[in-house]
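The structure under discussion appears below in the form of structure tokens.
Each value in this text was obtained by applying a stated rule to the coordinates, not by laboratory testing. Here the structure is a predicted model, which means the values were calculated and not measured. Heads up, the Cβs are rebuilt from the backbone with ideal geometry, glycines too, and the neighbour counts pull from every protein chain shown.
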Amino acid sequence: VLVHLGLGRWMIVDSCIDGRTRKQPALEWLATMGLGAGCVELVVVSHWHLDHVRGLSEVVAACTEATVVFSDAMRTEEFLYRVGLISSQPGSRRNVYSEMRAVMDLLLARSEGAYSVPPVRTAKAGLLLLPQGQPVVLALSPSETEVALAQRSLAAQLSADLVATAAPEPNHAAVALWAQAGQLGVVLGSDLEASAKPDRGWEAALRVVGRPAAQGLYLKVPHHGSFDAHSDRLWAELLGPAPVAALTPFKRGRIVLPGPQDLVRLRATAGSLYITASPARQQPYRPNDPLTSTMRRYIRDLAEAEGAAGRVTIRAPMTGCRPEDVTVDLGFPARRA
Ligand SMILES: [Zn+2]
């Protein structure tokens, strides 16, 4: 997610790679706009899922002026140990930990060797991410409880079979953000999930003090529209009436987000809803390519593993914060959902 914070200051939250061009879309877009990556002041790594960190080392390498901020759960020794261990396994393909290792190596080199631990800042609930708090970039999560639970989960993983076990569930330790330029407030939901407990998930995020009184005009829908991230209070208390909402789809094996029911729920809640690509499986890009034709002979249901990264550009004046002030521009295959 690329956010203009006003006055030529930009923020990138998480990263992906366009499945078709193999390029990092936020950097590509800045280049097309004639802006260098030097205008990026803040790079936020909300949590350590591959669909949020792919291409992150390219972002960090390009954005030499940016402060890099991780989720506070990634500060724990357990996380750093896991990064060191798994990224050094011979033959390990490009995974979350090798990507994070590349990022940390870049940051370490940038710190001129003064520190043994890369000079990263970490975000937890209630922290303002920019100096002087202007513009406002406020972390709504993770709460203290979520950081402690993530640490425990990482520690449990370390005592079991280290490589074969699945990654701990990092969604709960994700950094959700409130960003505000002038009167214009937006909520970037990351993959933060809902919880009935007051010290966890969106319930804890809504209790964060220090948030300006403004109501958000735009929501980056949390966790790819999944029901486990839905919070009525998030929509009612952080957002104004008829907010603009956008989401990114997620696919892995049989897990497809958002599901049809998720789209029904989100359409009923948002003023207008956009999605960067269809959640359905994407047909091969080059259907007549010899390799595709050969694979088709053996695989009945052939689809692209990674889709093209669509673009939803949402603009509104910093002074006006009504839904009618918003303009939306879509880049293929993004569409109205
Ligand atoms: Zn995700």
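For segment 56-68, the Karplus equation 6.51 cos²θ - 1.76 cosθ + 1.60, evaluated at θ = phi - 60°, returns couplings of 5, 5, 5, 4, 5, 5, 7, 8, 6, 8, 7, 7, 9 Hz by residue, with Gly and Pro reported as x.
When each of the peptides 22-28, 169-175, 180-186 is scored by the mean number of other C-beta atoms lying within 10 Å of its residues, the order from highest to lowest reads 169-175, 180-186, 22-28.
Here the Karplus relation 6.51 cos²θ - 1.76 cosθ + 1.60, evaluated at θ = phi - 60°, turns the backbone of segment 311-318 into coupling constants of 10, 10, 9, 10, 10, 8, x, 5 Hz, with x for every Gly and Pro.
Which is the longest run of the chain containing none of the chymotrypsin sites (Phe, Trp or Tyr not before Pro) found in DSSP loop states (not H, G, I, E, B) with at most 16 other C-beta atoms within 10 Å?
Working: sites that count: Tyr115, Tyr285.
By the stated rule (loop sites, at most 16 other Cβ atoms within 10 Å), 116-284.
Adding -39500 (n - 2.57) for every DSSP H run of four residues or longer, then dividing by how many residues the chain holds, sets the calculated 222 nm ellipticity at -7500 deg cm²/dmol. For segment 37-80, the set of GluC sites (Glu not before Pro) satisfying both a DSSP loop assignment and a count of at most 15 other C-beta atoms within 10 Å is given as Glu65.
Near the amide H of Phe70, within less than 5 Å, lie the amide hydrogens of Val45, Arg121, Thr122, Ala123, all on another chain or at least 5 residues away, with H placed in the peptide plane. Along the Cα-to-C-beta direction of Ala214, a point sits 7 Å from the Cα; which residues of segment 237-271 have their amide N less than 15 Å from that point? Within reach of a label on Ala214: 238-241, 244. Residues considered: Ile275, Ile17, Ile314. Largest GNM mean-square fluctuation over the chain, using C-alpha springs under 10 Å, is found at Ile314. Partners of Lys220 within straight-line reach, counting aspartates and glutamates whose Cα lies under 13 Å from its Cα and excluding those fewer than 8 residues away in the same chain: Asp14, Asp191.
Annotation: amide H of Val312 within the under-5 Å range of Gly331, sequence separation 5 or more or interchain, hydrogens built in the peptide plane.
Order these peptides, 122-130, 203-211, by their mean beta-carbon neighbour count within 10 angstrom, highest first. Walk me through the intermediate numbers first.
Working: 122-130: 19.7, 203-211: 17.2.
Put in order of decreasing packing, that is 122-130, 203-211.
Going from the fewest other Cβ atoms within 10 Å to the most, the residues Cys63, Cys39, Cys16 appear in the order Cys39, Cys16, Cys63.
Averaging over every viewing direction, what projected area does the convex hull of the Cα atoms of the chain cover, in nm²?
Result: 18.3 nm².
Take the Cα of Arg252, step 7 Å toward its Cβ, do the same at Gln283, and the gap between the two points is 2.8 nm.
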